[in-house]
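J.: Starting off with a structure, shown below.
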Amino acid sequence: MPEESKPSSFTTHDGKGWWNLPKTAQEQPNPPYEGPVGGPWLRQVMDWVTYAGVSHASVRGYLVIAVILSIFTFLEWRLFSIEAFGDSGRNAIMLALSTVKFTMVVAFFMHLRFERKYYAWIFGASMGLGVGVFLALLLLQRHHGVG
Amino acid sequence: MAQQAVTEYHAEVHDTTYNTSTGLSNRKLLMWAFLGSDVMFFGSFIATYLVYRNRSLVGPYPENIVDVPITTISTFVLLMSSLAMVLALHYVREGSKNPGRFWIFMTAALGLVFIGFQVFEFWTFVNEGLTPRTNLFGTTFFILTGFHGAHVTIGVLWLLILLFGHFKGTLRSDNSLDLEIAGLYWHFVDIVWIVIFTVIYLVTANDGAPPGAPPFLHG
Amino acid sequence: MTTTTLTIPRIFDRPRSASGIWSWIGTVDHKRIGTLYGITAFLWFLVGGIEALLIRTQLATADSTLIDPDTFNQLFTMHGTTMVFLVVMPLSASFFNWFVPLQIGARDVAFPRLNALSFWLFLFGGLLLNVGWFTGDSPSGGWFGYAPNSGITFNTGSGMTFWAIGLSVLGVASIAAGLNFVVTIFNMRAPGMTMFKLPVFTWMTLITSILLVLAIPVIGVALIQIGSDRLYGTNFYNSLGGGDPVLWQHMFWLFGHPEVYILILPAMGIVSEIIPTFSRKPLFGYPFVIFSGISIAFLGWFVWSHHMFTVGLGPAATSAFAISTMAIAIPTGVKILNWMATMVRGSIQINTPMLFAISFIAMFTIGGLSGVMHAAAPSDAQQQDTYFVVAHFHYVLFGGSLMGIFSGIYYWWPKMTGWMLNDKIGIVMWFFTLLGFNLQFAPLHWLGLDGMPRRIFTYSSDQGWESLNAIASVGGYIIALAILIFLFNIWYSRRNKVMAGNDPWNARTLEWSIPSPPPHFNFAEIPQVQYRDDFWYQKYPEQHEEGHVHAIAPSGAQDDDDMMFDPETGAAPSGGAEDGHHDDHGGHGIHLPDMSYYPIMLAAGITLGMGGLMAGNWVIVLGGVIGMWGLIGWSLEPVNDPAPDVEH
Amino acid sequence: MNSNLLPRFPLRRPLLVLIPAVAAFISACATGNPQDTFDTAGPVAEDQANLFKFIFWIAIVVFVIVEGGIIWITLRYRRRSDDEMPKQTHGNTKLELTWTFIPALIIIAIAIPTIRSIWDLAEPPSGEPVMTVEAVGHQWWFEFRYPEEEIVTANELRVPVGKNVIVKLQSQDVIHSFWVPKLFGKVDMIPTRNNELWFRADEAGEFFGQCAEFCGIAHALMRFRVIAQPEAEYDAWVAGMRRAPEPPAAASAEARGQTAFAANCSSCHSTDSYRPGAYERELVTQDGRWTGWLANIEGARIVSAPNLTNFGIRTTFAAGIRDLDRATLVEWIDDPGSIKPGTRMEAHAAVYQGGDGTANLTSAQVSDIADYLLSLVPGEAAPDDSANGSGDDSGGDPVELGQATFAANCTACHRTDSERLVGPGLAGVADRAGSRVSGLGVDEYIAQSIKEPNVYIVDGFPPGMSSFAHLSDAEINGLIAYLKTLN
């Protein structure tokens, strides 16, 4: 937490609506989020893609992401009809590809890559809980061996 | 260029800091928390679909009617609408009027195209004998994709209202948060579709009759 | 910067009444909404209580024919549904609304109109649930609605459909309220109030709200599924179409177990405020209490199948859920011991709120211990669906949640009204509550172990269950007597008013630093927080171990004549706090959100739209029109009118 | 905490008295009531009760410490003067960690026997002889099937003492739960799922069971008995269930009752499952009654119902809620809803329609039916392969023989007018039969339908009928002759 302000000055309301808190050290922005995965090479990639440090990516960055998403979607379609992988192999590939797509949209289009960590925590925790709980449910149902 | 980036950074951060305990906008926090809630909503539907996978007593089964190539196209359309959405936000924030309008319109239009694909798909399925009452696949498929479609529809309406606001001048670069929040919702609908597309189309589209169930005969 | 707003034609003016019914219908003030929640929930409490009394009357004797089985099924279905969704949850919500903004030093919640929407949806959803009492066809499939018994094949009336629709409406209300409080607690804290300086009640509200936001969607989906089964013939839980009735149980308890903590955590928060106050000691082990709350909430997601030990999960899954369930006992035990340790070496004032809080610990402990017995799956096979379970969860929900809530009512009543509830009558009420409660529910343990199943409308005399059932029924009537004493206390104390002043209990949190009842704007100046229990250390600076506190009075408003209230009416000072958006009072420049009719319109629209699924398409259309009107009006209506400066 | 305070504990002495008092109270808990979970009669319930008692004692210790502690703390530290100010202690990490770990240890102590018990009780001990029965939950009665002995009965499960019994649990409609507190904890009966449990009765006796999952309007009245008997008595019962009752004397009350029963009750209740092959047929017929009800819930006149074979040896009826005696049986037949609200019999059987819910029978008929039912006890005769005395085959009128054969074998599913039950009404069958399958004449078609019913299925009917090829040629010919008289 940011350092507490000196209690000597009791700040009054600044008159901009009930939701606005008085100006204190509290409202200083958190340090900008530095990305979910570190590593200098990744940061360089990110810099190129996003002008690191900006609160959102550039138009060029968005276009690059969109092209990657399109390629992945195309790949999914092409790989889907290949029988050689077998069912489980194909499912693994599909899940991997769509996880990448999912992450890219969340990280770049939804700006989670550039945002304060609160948002990532909220969304990540909900996703984690949902995946955990529903995987447990699926496992339980599989155990029943019905169908 | 690096110098410029740093300056831009400070400007941006200042712009998006609010007088709240966390410095985050109430509304954006609300939207993210809502998306967390919606994760559980769609999670429940998807889990139901997977639990009932391969358990239909009668056809049609997915392998009989699911059309992956067409849905790949509609998936692509929805992905592109996400791109249009970020571009719209970018230009509205920047204050570029016409590009902003164009991309908001494109987002909504691509969303409409996606809904069109879905309506077409539903229509085809019903014609081939699959309704929500037919079997478990029909029940879970229509409810899951139907609720996603409802989310898209709400998103399209929201975008059209914002587009109207942009013409009227109530949506400007200084309150682009309105558009950003709608954008978060829109992208969320997109990522939900990425999951649904994988689950229904790429993973289970080849499911046939479960053992013991009668084969489905076309016609 | 000036704002261009769309001007839309107004059918009726924005509400401005400061009193009368319209001031309540249009209100967005968190305190008024809290009051509305409280009164409405208390009325439902009376309804649910009457249902319980009818049930107990029927079961007081063997082979009773007083109530026919169908009515009995409706009674216990609605008793469960009412007490969970229309009583304990909204009573907690009433405290959330009243005291979270006050405890964190805010002037309102983050989204006042959304807050109003939550309340109206709760009210209307509750009405939808109870429509059946007027059509003669109340829900009768149990509050758990197990498929396929709740499906259209086996439950042909309209009751369970209204049940599904009504609960969905309540679900929207709960999610909206949950989101609101998450944002409020994260974002609206007074300067200096870091997360680990939050009062425990606020913390428990935050945890409860997060649980609401994440758990309600699961039951929402389950309700949509069973509703579409009933209305449109889909196959989700229709076993003839291959649907799996056990999936309903999974979905229901996936929600249902977090729901248990939604019901109990607020009460835990309330007693965590009351015990330190009346022991004159800070809560012992604050971080432990918080973290145990968090771990209870997290673990609560992975124990749901212990409600289903008898459906045949197989030994592996049963073992896993038995262990995870037992694990929850650990953080719960930590909380109980911390409350006790708070009292040790304290200076315990014995009065009504404290007695209720102590009873909470005592009774909740019993419920917790029988909970561990349920976690042991083999012995649970004998207890599941017997009166032992009924005893267990009433010890948790009545002995726990409701004791905590009554303790909270007595504790915060002076803050909410400005006058005290009579303590002597309160203690009499406490005595009868505790006596009646134990007479009513302790025998049920024995009945359950003696093989009496739940949800039976009668039992035959050869079972040997008569005497204990008779005792239990007497206990039920004693509880009813206690509630009558409570109503008498309100009437009596209102007639013989003893004014409370700002801080009648010598309490510890910020809400006691402002007048009772609080002014419309809560805090004339937003307080600057330095410590946990900041208000306490402002009063007793020498008590702080660091030995110093800031010397500033908690609220400048206290001594200011301008801020005095008429205690009779609770009305605002003539300076005009009610229309606080004017800049002319006290120079504080407080902008409060203005009243609005749109929340109630949107809520009515949603309710009509969903109720129309049963009532007919024209009702859906009507609901759609009203709802869209409300939604559009809401979007275009500025929070403050005339439009003040917005953020930039 | 505060161990130095314990000696001053003011409630110490009362507490020392309290502990044995509680113990005495608890041991007095076994009430001996019919569904007492402590008064166990078999290993499963005993294990479950022992686990409960083990946890209970731990819980009592915790209970006494916590509740005693609360009372003591409240009294000891009550406020004595208004201005006293206790030391502001915020916590003690060591102490708190201690009381995090102590509950954890207690929990582990409870978890170990719990897990062991879960796995121990999952299956019957291997190597010991087992028998299998099937229990089917219906709204609101239990059907019991003995697949090895080919017996179908209802609401009374007879088992031999000392033998492990595996019960396969099914449900035809909603979820029920199968529970005999003195023998075993409950396991749910769930449609679409096959659960099972096992138990053993170590002593002979009649044990009360009850449905434990809310299953609709008469949930409270869905009870049953497990009757554990010494092996020899059990074997005698099995043998008895394979024997036909003595046919009623001509013109007796029982004979009149049999006629009235055949006309009004036999489409739902079978009474002849002692015949060879009747077991499979009863299963198919029961399913047919059920699916027929589902297809037309409002108008159905048939619904799955308890098998009444050798009903007279039961001790209870109406799902275990009444002892079997003549007066109660008469009352039940006349107005079942007054004894068991919501019962499907009154809601659907034709004989209860059109009036106030009581049977459209004279009181004499009701009384005759009761007499007939009570007379259904295993006769002396050895199991007989043919129906109604094959000795009569040679002589007599084939139409009369056919009518008797029809009454005994067919009325569960077929009516003699044109109304459909499970199968089609057979009025006018002679006119239709010739044109159904080319190449088959009337007689041949009917004979084929009796012997190999599933070779040709008329549209709209389930392929549910089982073969009646075990009937003698004379009986089949008689049936054909009789059916041709129906118009």
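We did not get these values from a lab; they are worked out from the coordinates using the rules stated. The structure presented is a predicted model; accordingly, all values stated were derived computationally and were not measured. Here the Cβ is made from the backbone with ideal geometry for all residues, glycine too, and neighbour counts use every protein chain on show.
J.: If R0 is 45 Å, what FRET efficiency do you get for D:Val377 and D:Thr485 from their C-beta distance, rounded to 0.05?
T.: Efficiency, rounded to the nearest 0.05: 0.85.
J.: Something else about it: In what sequence do C:Thr194, C:Thr277 fall when counting other Cβ within 10 Å, fewest first?
T.: Working: C:Thr194 14, C:Thr277 23.
Placing the least packed residue first, the sequence is C:Thr194, C:Thr277.
J.: So how do C:92-101, D:44-53 stack up, highest first, on mean other-Cβ count within 10 Å?
T.: C:92-101, D:44-53
J.: Separate question: What residues qualify as long-range amide H neighbours of C:Ile348, i.e. H under 5 Å apart, gap of 5 or more or another chain, H built at 1.01 Å from N?
T.: Those qualifying (amide H under 5 Å, at least 5 residues apart or on another chain) are D:Arg78, D:Arg79.
J.: Suppose we take every Cα in chain B and form the convex hull; what volume per residue is that in Å³?
T.: Working: hull volume 30.4 nm³, N = 219.
So the per-residue hull volume is 139 Å³.
J.: Another question, if that's okay. For the protein assembly as shown, evaluate the Debye formula with one uniform point scatterer on each Cα (no solvent term) and list log10 I(q)/I(0) at q = 0.04, 0.06 Å⁻¹, rounded to two decimals.
T.: The Debye formula, applied to the Cα set alone, gives -0.29, -0.65.
J.: Taking just the C-alpha trace of the stretch C:291-340, give me its Rg and Dmax in Å.
T.: Using the Cα atoms of the stretch C:291-340, the pair Rg, Dmax is 12.5, 40 Å.
J.: When you have a sec, figure out the Kirkwood radius of chain D from all distinct Cα pair distances and drop it here in Å to one decimal? Don't jump to the answer; show the numbers that get you there.
T.: Numbers: mean 1/r = 0.0376 Å⁻¹.
Mean inverse Cα-Cα distance, inverted, gives 26.6 Å.
J.: Using θ = phi - 60° and the Karplus relation 6.51 cos²θ - 1.76 cosθ + 1.60, list the HN-Hα couplings for the stretch D:308-320 in order, rounded to whole Hz, with x at every Gly or Pro.
T.: These are the phi-based 3J(HN,Hα) values: 9, 4, 6, 4, x, 8, 6, 9, 9, 8, 6, 6, x Hz.
J.: Something else: Checking the cross-link filter: which lysines have an alpha carbon closer than 29 Å to that of C:Lys539, excluding same-chain neighbours under 8 positions apart?
T.: Straight-line reach from C:Lys539, under 29 Å: A:Lys6, A:Lys23, C:Lys31, C:Lys197, C:Lys281, C:Lys335, C:Lys415, C:Lys424, C:Lys497, D:Lys87.
J.: Could you compute how fast the stretch D:127-241 diffuses translationally, taking Rh as the Kirkwood radius over C-alpha pairs and applying Stokes-Einstein at 20 °C with viscosity 1.002 mPa s? Give it in µm² per second. Before the final figure, lay out the partial values.
T.: On the way: Rh = 14.1 Å.
The calculation lands on 152 µm²/s.
J.: Same structure again: Using R₀ = 60 Å, calculate the FRET efficiency as 1/(1 + (r/R₀)^6) where r is the Cβ-Cβ separation of C:Thr65 and A:Leu135; round to 0.05.
T.: 0.75
J.: Non-local amide H neighbours of C:Trp419 (under 5 Å, H modeled in plane, Pro and chain starts lacking H): which ones?
T.: C:Ala500
J.: Cut-off is 10 Å between beta-carbons; in what order do C:Thr35, C:Thr82, D:Thr315 appear when sorted fewest neighbours first?
T.: Neighbour counts put them in this order, fewest first: D:Thr315, C:Thr35, C:Thr82.
J.: Enter the mean number of other protein chain beta carbons within 10 Å of the beta carbon of each residue in C:177-183, as an integer. Let's see the in-between values first.
T.: On the way: counts 0, 3, 8, 3, 0, 8, 14.
Taking all residues of C:177-183 together, the mean is 5.
J.: Now a separate question. How long are the three semi-axes of the equivalent ellipsoid of the stretch C:20-135, in whole Å, if each is the root of 5 times an eigenvalue of the C-alpha gyration tensor, listed from largest down?
T.: So the three semi-axes of the stretch C:20-135 are 35, 14, 10 Å.
J.: Something else about it: So for the pair C:Ile427, D:Asp431, with labels modelled 7 Å out along Cα→Cβ, what separation do we get in nm?
T.: Output for this residue pair reads 9.2 nm.
J.: Could you give the length gained on full extension between D:Asn194 and D:Lys163, defined as 0.36 nm per residue of separation minus the Cα-Cα distance, in nm?
T.: 9.0 nm
J.: Taking θ = phi - 60°, what integer Hz values does the Karplus form 6.51 cos²θ - 1.76 cosθ + 1.60 yield along the stretch C:392-404, in sequence order, with x for Gly and Pro?
T.: 4, 7, 6, 5, 7, 8, 8, x, x, 3, 6, 4, x
J.: Output wanted: per-residue J couplings in Hz (rounded whole) for the stretch A:110-120, from phi through Karplus 6.51 cos²θ - 1.76 cosθ + 1.60, θ = phi - 60°, x for Gly and Pro.
T.: Here the 3J(HN,Hα) series is 8, 6, 4, 4, 10, 8, 5, 6, 3, 5, 4 Hz.
J.: Considering Cα pairs under 8 angstrom that are at least six residues apart, work out the relative contact order of chain D and quote it in whole percent.
T.: Relative contact order of chain D: 12 percent.
J.: Sticking with this one: If each residue's Cβ is checked for other Cβ atoms within 10 Å, how do C:Glu511, D:Glu128, D:Glu280 rank with the fewest at the top?
T.: If I rank by nearby Cβ atoms, fewest first, I get D:Glu128, D:Glu280, C:Glu511.
J.: Next question, about the same structure. Could I get the Rg over Rh figure for the stretch D:50-198? Both from C-alpha atoms, Rh via Kirkwood, rounded to two places.
T.: 1.26
J.: Take the Cβ-Cβ distance between D:Glu233 and D:Ala122 as r, set R0 to 25 Å, and report the resulting FRET efficiency rounded to the nearest 0.05. Could you put the intermediate results ahead of the total?
T.: On the way: r = 30 Å, r/R0 = 1.22.
Efficiency computed from Cβ-Cβ geometry: 0.25.
J.: Hey, rough spin-label estimate for C:Leu484 and B:Arg133, points 7 angstrom out along Cα→Cβ, what's it come to in nanometres?
T.: Spacing of the two 7 Å Cα→Cβ label points: 5.3 nm.
J.: Using modelled amide H (1.01 Å from N, peptide plane; none on Pro or chain starts), what sits under 5 Å from the amide H of D:Val159, excluding residues fewer than 5 places away?
T.: Close amide H contacts, sequence-distant or interchain: D:Ile227, D:Ala228, D:Gln229.
J.: Let me ask something else. Listed highest first by mean packing, meaning other Cβ atoms within 10 Å per residue, what order do C:136-145, C:169-178 come in? Intermediate results must be reported in sequence, preceding the final value.
T.: Values: C:136-145: 22.0, C:169-178: 26.6.
Listed from highest to lowest mean packing, they are C:169-178, C:136-145.
J.: A further question follows. Over chain C, what is the mean sequence separation of C-alpha contacts under 8 Å (at least six apart), divided by residue count, expressed as relative contact order in percent?
T.: Taking the mean separation of contacting Cα pairs over the length of chain C, I get 17 percent.
J.: Report the Stokes-Einstein translational diffusion coefficient (µm² s⁻¹, integer) for the stretch C:150-234, Rh taken as the Kirkwood radius over Cα pairs, at 4 °C with viscosity 1.567 mPa s.
T.: 88
J.: I've got another one for you. Express in % the proportion of alpha carbon pairs of the stretch D:314-374 at distances exceeding 16 Å.
T.: Pairs farther apart than 16 Å: 41 percent.
J.: With +1 on the Cβ of every Lys and Arg and -1 on the Cβ of every Asp and Glu, and nothing else charged, how large is the dipole of chain B about its Cα centre, in debye rounded to the nearest 20?
T.: The calculated dipole for chain B is roughly 340 debye.
J.: If you line up the Cα atoms of the stretch C:305-496 on their principal axes, what length do they span on each, largest first, in Å?
T.: 61, 42, 26
J.: How high is the relative contact order of the stretch D:127-241, in percent, with contacts defined as C-alpha pairs under 8 Å that are six or more residues apart?
T.: 28
J.: With the dipole of the protein assembly as shown worked out from charges on the C-beta (+1 for Lys and Arg, -1 for Asp and Glu) around the Cα centre, which of C:Asn97, D:Thr40, C:Leu449 lies farthest toward the positive end?
T.: It is C:Asn97.
J.: Further question on the same structure: Given points 7 Å out from each Cα along the Cα-Cβ axis, report the A:Ser88 to C:Ala615 separation in nanometres with one decimal.
T.: 5.6
J.: Same structure, new question: Please compute the average number of Cβ atoms from other chains found within 10 Å of each residue's Cβ in peptide A:61-74.
T.: Details: counts 2, 8, 3, 0, 4, 7, 1, 0, 8, 5, 0, 2, 9, 2.
Mean number of neighbouring Cβ atoms from other chains: 4.
J.: Quick check: convex hull of the Cα atoms in chain C, volume per residue, rounded to a whole Å³?
T.: Spread over its residues, the Cα hull of chain C gives 160 Å³ apiece.
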